[in-house]
Amino acid sequence: MSDTKYKSVLNRDPDDLWEDSRAIVNIGPIHPAMHGAFRLVAKLNGETIENSYGEFGYTHRAKEKMGENRTYHQYIVYTDRMNYVSAMINNTVYAMAVERLMGIEVPERTIWIRMVCSEMARVIDHLVCVGINAVDIGAFSYFLYGFHEREEAYTLIERLCGSRLTTSFTRIGGLMADAPEGWEKDVKAWVKRTRKTIDEMDRLLTMNRIWQKRTIGVGVITKEQCIEYGFSGPNARGSGLDVDLRRDQPCMFYKDVEFDVPYAKEGDIFSRYLVRIEEIRQSLNIITQCADRIKPGPIWCEDKRVRIPDKDVVYNTMEGMIHHFKFFMTGFEVPAGETYTQFEAANGEFGFYIVSKGSSKAHRMRVRGPSFWHFQALPLMVRGLKVADMVATFGSINVIAGEIDR
């Protein structure tokens, strides 16, 4: 190196040399660190994230626009594929939205079964969240405990409708099929086993020193920031925002069951983990109460606009055949009006805004998926953290790609 060139390097501002050590890194969209097709563009200083911004849309499927181009009945299958980890909640919220527009009341048995299915879906969602979050930090055995009970729950769901992940079980005005005889008893047996599993998972991980060091004080978001970013569900309750729509705006029969709403104040990964673990216990309590109250009775309302004709009527009468054909080919008309129907889903407030002009398809449809609001706060939560802490933080807010993409 010449003397002149050597002196030019020595005379450079130290900040310029420091700037050269920084790097722009793409994390995702297809990367083991991202739970789904997400992209985080991070400005790194060594392993420290100085700044970042997130992008989504890599699995874009136009779900809202599909709702305006499919009949109300045909759209049920699309709701499964939003938050596919707890698909049965999506079905139920959508059905309730259309039922509100049509002024339909469903039978009592249907409501209790919907509540059991919704709370089972919540338990499944939380088991996946805390399990995968533990895998991100290295606790693989912990994940297997919850995954076993998840599969057992899917077996119970399979007995209802023949499907496990994406079920399309709820129908507008009723259910796809009635629960088989003895199903409620098997559900309560699963609850009993899952309670023991959750207690064992709690003992295995919660007081583990490595887990605590990786989660306490990491990925913090304050109560005020949760309100600014539109947080809801366990992520908001982990920061001290004591809001749960099942208690505060009860639908179905939630006002008739007893449950507590757990919350923490620290707003870190550990707090969100504790909230989800306790919510699993509360959901198991709700499931038991619902299973005890399920009584024999119809699962369909008597409104002929939405009730699918029985197969023996379809096969043996001309009127039944015509009704069946018209129902599936052209759908049923929904009175003009608009509604926003929301529910406390596994990740927070999940809602459908539907505008009807009296046809068999929605004039406008918009979906409020909680993950949409949670993902936008990720850069705020990981600023100043290490890359490995970003992975743990992202897993703790449980963002589901299908719920974000429109």
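Which is touching a residue at least 12 places away in the same chain (Cβ under 8 Å) and surrounded by fewer than 19 Cβ atoms within 10 Å (Cβ to Cβ), of VAL391, VAL387, VAL367? That would be VAL387, the only listed residue that is touching a residue at least 12 places away in the same chain (Cβ under 8 Å) and surrounded by fewer than 19 Cβ atoms within 10 Å (Cβ to Cβ).
Once region 58-103 is narrowed to residues that are among the aliphatic types (A, V, I, L, M) and surrounded by fewer than 19 Cβ atoms within 10 Å (Cβ to Cβ), the residue that is nearest to PRO296 (Cα to Cα) is VAL77. Any residue at all in region 286-303 that's more than 25 Å from GLY182 (Cβ to Cβ), surrounded by fewer than 13 Cβ atoms within 10 Å (Cβ to Cβ) and either in the same structural domain as LYS188 (by TED's automatic domain parsing) or in contact (Cβ under 8 Å) with a residue 24 or more places away in the chain (or both)? There is at least one residue in region 286-303 that is more than 25 Å from GLY182 (Cβ to Cβ), surrounded by fewer than 13 Cβ atoms within 10 Å (Cβ to Cβ) and either in the same structural domain as LYS188 (by TED's automatic domain parsing) or in contact (Cβ under 8 Å) with a residue 24 or more places away in the chain (or both). Checking the stated criteria, GLU403 turns out not to satisfy the condition of being of a type outside the set (Val, Ile, Thr), closer than 24 Å to VAL98 by Cβ, in contact (Cβ under 8 Å) with a residue 40 or more places away in the chain and outside any helix (DSSP H, G or I).
Just one of the numbered conditions (1) assigned to a helix (DSSP H, G or I); (2) farther than 29 Å from TYR353 by Cα is not true of GLU64: (2). The number of residues in region 207-250 that are crowded, with 23+ Cβ neighbours inside 10 Å, under 18 Å from ILE277 (Cα atoms) and of a type in the set (A, V, I, L, M) comes to 1. Give just the number: which of (1) at pLDDT 90 or above; (2) within 23 Å of ASN133 (Cβ to Cβ) does ILE76 not satisfy? Of (1) at pLDDT 90 or above; (2) within 23 Å of ASN133 (Cβ to Cβ), only one is false for ILE76: (2). For the condition assigned by TED's automatic domain parsing to the domain that holds GLN212, touching a residue at least 24 places away in the same chain (Cβ under 8 Å) and closer than 25 Å to ASP202 by Cα, GLU278 does not qualify.
Does ALA139 qualify as being buried (at least 22 other Cβ atoms within 10 Å of the Cβ) and not polar (S, T, N, Q)? Answer is no for this residue. Residues that are among the small types (Gly, Ala, Ser) and within 11 Å of GLU47 (Cα to Cα) within region 378-401 comprise GLY384, ALA388, listed in sequence order.
Quick check on region 38-59. Is at least one of its residues part of a loop (DSSP other than H, G, I, E, B), free of Cβ contacts under 8 Å to residues at least 60 places away in the same chain and not polar (S, T, N, Q)? Yes, the conditions are met somewhere in region 38-59.
All of TYR263, TYR340 fail the test of being modelled with pLDDT of 95 or more and either part of a loop (DSSP other than H, G, I, E, B) or under 24 Å from ALA153 (Cα atoms) (or both), apart from TYR263.
The values are calculated or read from the model by the stated rules, or taken from the named source; none is laboratory data. Predicted model, so just to flag it, every value in this text is computed and none were measured. In this analysis, Cβ positions are derived from the backbone assuming ideal geometry, glycine residues included, and neighbour counts consider all displayed protein chains.
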